[in-house]
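Structure first, commentary second.
The values are calculated or read from the model by the stated rules, or taken from the named source; none is laboratory data. This one's a predicted model, so the numbers in the text were calculated from it and none came from an experiment. Note: ideal-geometry Cβ built from the backbone for every residue, glycine included; neighbour counts use all protein chains shown. Surface accessibility is based on the protein's heavy atoms, side chains included, excluding ligands, DNA and RNA. Shrake-Rupley method; radii C 1.70, N 1.55, O 1.52, S 1.80 Å.
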Amino acid sequence: LYKNKVVVSVVNPLSIKRFIQMKLAKVKTDKSDAKAICEYALINEVPIYNALTDTQSECLQLFRLLDTYLKQRTATKNKIHGEAVLGIPSKFVYRSLIRNKKQLNKEVAAIESKILSLVKEDQQEQLTLLMSIPGIGQKTALFLIVVTDGFSKFGTASQLCSYVGITPTIRESGSSVRGRARISKVGNRRLRNLLFLCSFNACKHNKACREVYERIVNKGKSKKLALIAVANKLLKQSFAIAKSGRPYDETYVSILSR
């Protein structure tokens with residue numbers, strides 16, 4: 001549709017599902033669903049879809065394939081360990097698993113190299129800027145650039161944090177409902193996991209992140225909660241540095257914080 005110059009909108013299907021449920025519809029057919037989708041588009045401001053470039057599309061496909069291979073490699077490693085625990089592992093099975101792991105290692109390395117070369121073609125400067133942040137590694141920087149289209153998809157850091165699903169949700173109603181605050185987890189799970197892993201290193205080497213971590217832990221909160229806050233801080237730092245075009249500066253103090 002997009003290539004044929006038809007105006008297209010891509011909407012989260014859960015939004016439309018809830019819209020249809022809100023109407024208390026008793027009939028569910030293709031015709032009724034099509035009518036409900038039309039009504040949704042007329043009532044709400046739906047965003048206009050902009051297609052990915054060929055490079056962005058290829059990078060996303062590579063990341064999905066990389067995720068598949070990483071899961072397979074982890075399963076193979078676990079299988080190798082499981083066979084060794086048996087005490088008398090079959091030599092044929094063991095060698096087959098080792099060959100499989102080596103092949104997966106080659107594929108993972110080849111994919112990571114290809115992603116790096118593609119991103120460097122368009123976003124070399126932004127990649128360098130992101131990797132100047134203590135705690136952000138090459139893989140996370142690459143994924144951030146690809147998923148956010150060089151941070152052009154988002155106008156504010158808050159929008160980006162919401163997209164990743166790393167913002168807190170509050171569930172309160174009257175005096176009886178006092179749910180625990182949790183992160184929404186409505187977003188890109190892969191990116192959220194990468195940022196959480198980065199938070200461990202950021203607590204040691206990133207001054208601003210370390211201060212956030214220590215402040216939350218000193219209040220008696222859990223370390224996991226503090227690490228999530230650090231991941232949120234890393235994402236905001238990444239957004240600020242990508243938008244400003246300036247490398248990470250430990251001594252920098254925002255005018256808004258004075």
If you go through the range 67-116, how many residues are among the polar types (S, T, N, Q), over 21 Å from the mean Cα position of the chain (by Cα) and in a helix (DSSP H, G or I)?
-> 6
Give just the number: which of (1) over 30 Å from T148 (Cβ atoms); (2) open to solvent by 60 Å² or more (accessible area, probe 1.4 Å) does I20 not satisfy?
-> (2)
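Per-residue answers, yes or no, for (1) in contact (Cβ under 8 Å) with a residue 24 or more places away in the chain; (2) closer than 30 Å to F154 by Cα:
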| site | (1), (2) |
| --- | --- |
| T29 | no, no |
| I37 | no, yes |
| Q61 | no, yes |
| T76 | yes, no |
| I80 | no, no |
| E83 | no, no |
| Y94 | no, no |
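Take the residues of the range 218-256 that are of a type in the set (S, T, N, Q) and open to solvent by 80 Å² or more (accessible area, probe 1.4 Å): which is modelled with the lowest pLDDT?
Of the range 218-256, the ones of a type in the set (S, T, N, Q) are 218, 222, 232, 237-238, 244, 251, 254.
Those still in the list that are open to solvent by 80 Å² or more (accessible area, probe 1.4 Å) too: 218, 251.
Numbers: N218: 93, T251: 75.
By that ranking, first place goes to T251.
Can you pull out the residues in the range 23-47 that are of a type in the set (A, V, I, L, M, F, W, C), in a loop (DSSP other than H, G, I, E, B) and surrounded by 10 or more Cβ atoms within 10 Å (Cβ to Cβ)?
A25, V46
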Is it the case that the range 174-197 has a residue that's closer than 21 Å to K221 by Cα, open to solvent by 60 Å² or more (accessible area, probe 1.4 Å), modelled with pLDDT of 60 or more and among the hydrophobic types (A, V, I, L, M, F, W, C)?
-> yes
Please find, among L52, L14, L60, the residue that is under 25 Å from the mean Cα position of the chain (by Cα) and under 28 Å from N105 (Cβ atoms).
-> L60
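Does V146 satisfy the criteria of being touching a Leu at 6+ places or on another chain (Cβ under 8 Å), modelled with pLDDT under 90, more than 16 Å from I241 (Cβ to Cβ) and surrounded by 14 or more Cβ atoms within 10 Å (Cβ to Cβ)?
Details: touching a Leu at 6+ places or on another chain (Cβ under 8 Å): yes; modelled with pLDDT under 90: yes; more than 16 Å from I241 (Cβ to Cβ): yes; surrounded by 14 or more Cβ atoms within 10 Å (Cβ to Cβ): yes.
So V146 fits the description; yes.
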Could you grab me the full set of residues in the range 78-108 that are surrounded by 14 or more Cβ atoms within 10 Å (Cβ to Cβ), at pLDDT 90 or above and among the charged types (D, E, K, R)?
-> K79, K101, E107
